[in-house]
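Enquirer: Have a look at the structure that comes next, please.
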Amino acid sequence: MLSPFAAQGQAARPTLNREADGSVSVVTLGGGSGLAYQINGAAWVTVEGPELPYAIPAGEDDLVSVLALGTPVEAPLTPPVFGVRGLIPDGAADFRIVAEWEPAPAGVTWDTEIGAMVASGTQAFSLLNYPLPTPLVAGDPYAAVMEVPVLTAGTTRPRLEGGGSTFSHPTPITYKSTTVRRFVPTVNHTDLVLVVPSDLVGRVGYANIFPLKDRIAAPADIYIFAGQSNMVGGSATADWDPAIDRPVLEALAVAGFGRGADGYTNDGSGASINPAFDSGYGIGHPVPMVHPVTHSSPNLGRVSPAAYIMRHLVDTVPTPGREKVAACMAAADTDLFFHWDPANDGRMYDLMVANVNALLARNPGSQVKGLFWCQGESSDATGYAALFNSVIDGLRASWGPFPLVIMEIGGQPEWGATIAMNAEHAKLATGSGAAEELADCIFLPRPEGATFIPGDDVHYDGATNRLRGQEAAEAFLATFG
């Protein structure tokens, strides 16, 4: 078999047919002899060798990647179909659009060892140029969603072009992720571009831009995710897998950050709350939910249970005419008795309330549908249940009797601190009989066989967080409907 980059010649878009059973047949590859192709993530084949038509089972990503001359080209299906879950409003053909390089720009090469583009020289390259179906409306909010599955050096950033001006988002993409950036254009831009600086070593999977105006104005079912790092999702960048941890674009998400002008600039460690976003967002502005999920802690590629909870809710509880919105308020190293207590410092409590109140104020039909809580590794167990009961009573007085799921904290199960905190959380569950018992509250233990980030006895790994999210959503729906 040829090396995928040993071939010479020009790559061409393959021809794909949608079959009656939902599968896809690759009818032709094209491009001449000696080219190497990858079909839907399968093994590399040469144009002379594959058996055509090549079948892609229904439900898989309907995507054929073609690499020739060190040049990545992604060929989407025609007509558009929902090959990638969670696309709004268009299908895979609209979502996965990558500029074809014939040949690649001078100074950009492909490293076969790491599977990434390597830029060199002094100029910046326009890696992706996506002509928008219609020009953007000046003054309306939009969100650009991008997948960067490999980023080992340098950064990239989205840029709007056309309409008489160019606007590059001030916040670069600095780590591998599916990420989102919010724009409010001042002119009617016509193109979305990804800019590749000269020091980039990375790969871009897809990009698209989504209008937000109507979605933000719609009545919202708000689900709050609060607590500390095991709600954020640990800290292992390597755990995030773009093939598994897909964005939940049918839902919106508000990250728990604020501008300095709003008075919310520090998390529990004293660091700036998502400083990369401080200048462009503000309180209560939702964007499509991507994964990794941005909470109040700066996100470095974590697998958050919040995304899996929202994916299950989106898939199983359709709400036509309403938006599901995740208020992602968790932050590492925060303490119930300090950061979440409105009678004490209360900065995380205040930030959560400010974001949720902003969402509720936008449409009178919006409501808080539930709160998922995972916190306690940084708190003393003594008096915990009594204080948390008081905090929830205050929130329910403002937002109504929303149901509550308390998810077990991390740490080894035999540790005294873990046992003591689990006992406090169990007191809060409906039916516990304890004085601290809350109505409409369940305590959810960790999944059986839960595992942790290697070398870390506190933070669950990505595999466990996926299960935690799924189990929490199932428990929520089974108990509260």
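The values are calculated or read from the model by the stated rules, or taken from the named source; none is laboratory data. The shown structure was predicted, so the numbers you read here are calculated from the model rather than taken from an experiment. Here Cβ is always computed from backbone atoms with ideal geometry, including for glycine, and neighbour counts include all displayed protein chains.
Enquirer: Name the single residue, out of those in the stretch 260-318 being modelled with pLDDT of 85 or more and among the polar types (S, T, N, Q), that is surrounded by the fewest Cβ atoms within 10 Å (Cβ to Cβ). Can you show your working first?
Expert: Going through the stretch 260-318, the residues modelled with pLDDT of 85 or more turn out to be 286-290, 303-318.
With among the polar types (S, T, N, Q) added as a condition, the list becomes 304, 316.
On the way: SER304: 30, THR316: 10.
The residue in question is THR316.
Enquirer: If VAL356 satisfies every condition in (1) over 18 Å from ILE283 (Cα atoms); (2) buried (at least 22 other Cβ atoms within 10 Å of the Cβ); (3) hydrophobic (A, V, I, L, M, F, W, C) but one, which is the exception?
Expert: Of (1) over 18 Å from ILE283 (Cα atoms); (2) buried (at least 22 other Cβ atoms within 10 Å of the Cβ); (3) hydrophobic (A, V, I, L, M, F, W, C), only one is false for VAL356: (1).
Enquirer: Out of the residues in the stretch 441-466 that are of a type in the set (A, V, I, L, M, F, W, C) and in contact with a Gly (Cβ under 8 Å, 6 or more places away or on another chain), state the one that is surrounded by the most Cβ atoms within 10 Å (Cβ to Cβ). Show your work before the answer.
Expert: Step one: list which residues in the stretch 441-466 are of a type in the set (A, V, I, L, M, F, W, C), which gives 441-444, 450, 452-453, 458, 463.
Still in the running and in contact with a Gly (Cβ under 8 Å, 6 or more places away or on another chain): 452-453, 458.
Details: PHE452: 17, ILE453: 19, VAL458: 16.
Only one residue fits best here, namely ILE453.
Enquirer: Take the stretch 200-238 and flag every residue that is touching an Asp or Glu at 6+ places or on another chain (Cβ under 6 Å) and modelled with pLDDT under 90.
Expert: GLY205, TYR206
Enquirer: Something else: Do we find that SER432 is surrounded by 15 or more Cβ atoms within 10 Å (Cβ to Cβ), without any contact (Cβ under 8 Å) to a residue 12 or more places away in the chain and farther than 30 Å from GLY455 by Cβ in this structure?
Expert: Values: surrounded by 15 or more Cβ atoms within 10 Å (Cβ to Cβ): yes; without any contact (Cβ under 8 Å) to a residue 12 or more places away in the chain: yes; farther than 30 Å from GLY455 by Cβ: yes.
Criteria met by SER432.
Rundown of residues vs (1) farther than 16 Å from ALA475 by Cβ; (2) among the hydrophobic types (A, V, I, L, M, F, W, C), yes/no style:
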{"position": "ILE409", "(1), (2)": "yes, yes"}
{"position": "GLU414", "(1), (2)": "yes, no"}
{"position": "ALA420", "(1), (2)": "yes, yes"}
{"position": "ALA423", "(1), (2)": "yes, yes"}
{"position": "ALA426", "(1), (2)": "no, yes"}
{"position": "ALA429", "(1), (2)": "no, yes"}
{"position": "GLU437", "(1), (2)": "yes, no"}
{"position": "PRO445", "(1), (2)": "no, no"}
{"position": "GLY449", "(1), (2)": "yes, no"}
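Enquirer: Any idea how many residues of the stretch 443-452 are closer than 13 Å to GLN412 by Cβ and either assigned to a strand (DSSP E or B) or aliphatic (A, V, I, L, M) (or both)?
Expert: Of the stretch 443-452, the ones closer than 13 Å to GLN412 by Cβ are 446, 450-452.
Now restrict to residues that are either assigned to a strand (DSSP E or B) or aliphatic (A, V, I, L, M) (or both): 450, 452.
Going through the stretch 443-452 one residue at a time, the tally reaches 2.
Enquirer: Every residue in the stretch 319-359 that is among the charged types (D, E, K, R), outside any loop (DSSP other than H, G, I, E, B) and at pLDDT 90 or above, please. Lay out the reasoning, then the answer.
Expert: Going residue by residue through the stretch 319-359, those that are among the charged types (D, E, K, R) are 322-324, 333, 335, 341, 345, 347, 350.
Applying the additional criterion that residues be outside any loop (DSSP other than H, G, I, E, B) yields 323-324, 347, 350.
Listed by number, the residues that qualify are GLU323, LYS324.
Enquirer: Still on this structure, please answer the following. Just checking, does the stretch 319-334 include any residue being surrounded by fewer than 24 Cβ atoms within 10 Å (Cβ to Cβ) and touching a Lys or Arg at 6+ places or on another chain (Cβ under 7 Å)?
Expert: So far as the stretch 319-334 goes, yes, one or more of its residues are surrounded by fewer than 24 Cβ atoms within 10 Å (Cβ to Cβ) and touching a Lys or Arg at 6+ places or on another chain (Cβ under 7 Å).
Enquirer: Another question, then. Would it be correct to say that ASN422 is under 15 Å from TRP373 (Cα atoms), polar (S, T, N, Q) and in contact with a Ser or Thr (Cβ under 7 Å, 6 or more places away or on another chain)? Break it down stepwise before answering.
Expert: Details: under 15 Å from TRP373 (Cα atoms): yes; polar (S, T, N, Q): yes; in contact with a Ser or Thr (Cβ under 7 Å, 6 or more places away or on another chain): no.
No; evaluated as a whole, the condition is false for this residue.
Enquirer: From the set of residues in the stretch 411-427 that are part of a loop (DSSP other than H, G, I, E, B) and more than 32 Å from the chain's Cα centre (by Cα), which is nearest to THR382 (Cα to Cα)?
Expert: If we filter the stretch 411-427 for residues that are part of a loop (DSSP other than H, G, I, E, B), which is where we start, we get 411-415.
Filter again for more than 32 Å from the chain's Cα centre (by Cα), leaving 414-415.
Working: GLU414: 18, TRP415: 16 Å.
It comes out as TRP415.
Enquirer: Checking the condition at pLDDT below 95 and either touching a helix residue (DSSP H, G or I) at 6+ places or on another chain (Cβ under 7 Å) or among the small types (Gly, Ala, Ser) (or both), which residue from ALA450, ALA426, ALA434, ALA439 passes? Write out each step before concluding.
Expert: Values: ALA426 fails: at pLDDT below 95; ALA434 fails: at pLDDT below 95; ALA439 fails: at pLDDT below 95.
After applying the criteria, what remains is ALA450.
Enquirer: Among the residues of the stretch 180-187, are any at pLDDT below 80 and more than 15 Å from ASN208 (Cα to Cα)?
Expert: No, there is no match, as no residue in the stretch 180-187 is at pLDDT below 80 and more than 15 Å from ASN208 (Cα to Cα).
Enquirer: When you look at ALA143, is it hydrophobic (A, V, I, L, M, F, W, C) and surrounded by fewer than 19 Cβ atoms within 10 Å (Cβ to Cβ), yes or no?
Expert: Numbers: hydrophobic (A, V, I, L, M, F, W, C): yes; surrounded by fewer than 19 Cβ atoms within 10 Å (Cβ to Cβ): no.
In short, no.
Enquirer: Would you list the strands (runs of 3 or more DSSP E) that sit entirely within the stretch 155-216 and hold 3 or more residues that are free of Cβ contacts under 8 Å to residues at least 40 places away in the same chain? Please lay out each step first, then the result.
Expert: Working: elements: 157-161, 177-183, 191-196, 201-203, 206-211.
Correct list: 157-161.
Enquirer: Taking PHE388, is it at pLDDT 90 or above, in a helix (DSSP H, G or I), buried (at least 22 other Cβ atoms within 10 Å of the Cβ) and in the same structural domain as ALA426 (by TED's automatic domain parsing)?
Expert: yes
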